[in-house]
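This is the structure I have questions about; it appears just below.
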Amino acid sequence: MVCFSNEDGSLTCSFKTYPFGLATLTFEDSYDEDTAFTNPVKIEEIRKELHRNFKVKVEKIPIIKRGSPVPLYFTTADERILEYDFNKVVFQDESPYQNIKILYSPTLGNCLILDDLQNLAESDINYTHGVMKHGSVSYAGKEVLILGGGDGESLINSYIDQMVIDACRMHLRGCCGDSLDKLEGPNYKVIIDDCFKKMDEYKAAGKTFDVIINDLTDIPIATSPQGEMWDFVRKIINKSLAILRNDGSYLNHALGESCVESLKTYENLLSALPVKVSFERHSAYVPSFMENWVFYEIKKGEKLQTYFAHSTQGQPLTTIRQPTRTLRGASLDHVLDCLGSPNRSIITTSSLA
């Protein structure tokens, strides 16, 4: 490896060769954007000159901007780098539970970032529609249990992590509306409690639901359904099916479409459950994730059909929030708008594991 530098060290170039035939040339400079050596035009000129002189394939990698006052780089579900147009830090702090950022994007609006994971942006109504299977599943007169709904982790942790709820109430109103202004409203009620505990209580009481929406953790990125996160996924599905009515629907989000093997692993897990189920998958593009996200509808039995049931009006819609490491989130305000019944109530519960 050979390194070169100008006199004041503001521009460096490193040249490195590898035994398998690769050679890399890396430029770093600290000039401002207008006078930087590492601009797209200059780098393309160097690429062409190297190709012309050495008659080899020369690949140019996009410029990475380090030291920006606003974080710009995050990843897809399978860890590919994404560059965002965030240009303002709206809120940033460290709570006892997690790092919290709300960043502004001209294209996405305000976006909640928890522990450097994209969680929810004001443009992400597609996510809410996807996890609800909006337009295909009828919610008229249904009793619905939502696990980790609302703003995903912004609501899961918000009632434990007061800093998150305060930040979202103030800066994420494009998603939350006024649903975070108080923990009880005309069509929802928020109860802070443990997800598994509440589900066990429902089972003991013989309480069942028409629809269960699981908006908790992403499906783990792994090709074998082993480990703590897969155990959690398996446990939450089994507990949900135990309180799901025989003709009901269990809905959940999964991962990005690019995580093919992990999605196959999840489907194999579903096929091996103690309760026989059928499932159907659909996807939607989520702007703040910059990728197509996969969702599932799961039903008891061997044949899946879209189910439009009729039941008594005025049944409650219940939401339980479990503060495990949830990566994504739907807007509670959007969920309420989509369901549209003034007779329902949402009960939201959560606790630290």
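Could you please tell me which pairs satisfy a Cβ distance under 7 Å, a separation of 6+ or placement on different chains, a first residue in region 183-208 that is among the charged types (D, E, K, R), and a second residue that is surrounded by 15 or more Cβ atoms within 10 Å (Cβ to Cβ) and at pLDDT 90 or above?
Sorted first by the residue in region 183-208, then by its partner, the pairs are Lys203/Ile243; Lys207/Ile243.
Looking at region 243-272 only, could you name the residues that are of a type in the set (A, V, I, L, M, F, W, C) and open to solvent by less than 50 Å² (accessible area, probe 1.4 Å)?
Ile243, Leu244, Leu251, Ala254, Leu255, Cys259, Leu263, Leu269, Leu270
Still on this structure, please answer the following. Tell me which residues, restricted to region 104-124, are under 13 Å from Val90 (Cβ atoms), out of contact with any Asp or Glu (no Cβ under 8 Å at 6 or more places or on another chain) and open to solvent by 10 Å² or more (accessible area, probe 1.4 Å).
If the condition is that a residue be under 13 Å from Val90 (Cβ atoms), out of contact with any Asp or Glu (no Cβ under 8 Å at 6 or more places or on another chain) and open to solvent by 10 Å² or more (accessible area, probe 1.4 Å), then Tyr104, Glu122 are the ones that fit.
Let me ask another. In region 134-171, how many residues are under 16 Å from the mean Cα position of the chain (by Cα), assigned to a loop (DSSP other than H, G, I, E, B) and modelled with pLDDT of 65 or more?
Going through region 134-171 one residue at a time, the tally reaches 1.
Further, regarding this structure: Wholly within region 1-103, which strands (runs of 3 or more DSSP E) include no fewer than the required count, namely at least 3 residues that are in contact with a strand residue (DSSP E or B) (Cβ under 8 Å, 6 or more places away or on another chain) and more than 30 Å from Pro220 (Cβ to Cβ)? Lay out the reasoning, then the answer.
Details: elements: 2-5, 11-17, 23-29, 73-75, 81-83, 88-94.
Per the criteria, 2-5, 11-17, 23-29, 88-94.
The values are calculated or read from the model by the stated rules, or taken from the named source; none is laboratory data. Since we're looking at a predicted model, the values are computed, not measured. In this analysis, Cβ positions are derived from the backbone assuming ideal geometry, glycine residues included, and neighbour counts consider all displayed protein chains. Heads up: the accessible areas ignore ligands, DNA and RNA and are worked out on the full protein's heavy atoms, side chains in. Shrake-Rupley method; radii C 1.70, N 1.55, O 1.52, S 1.80 Å.
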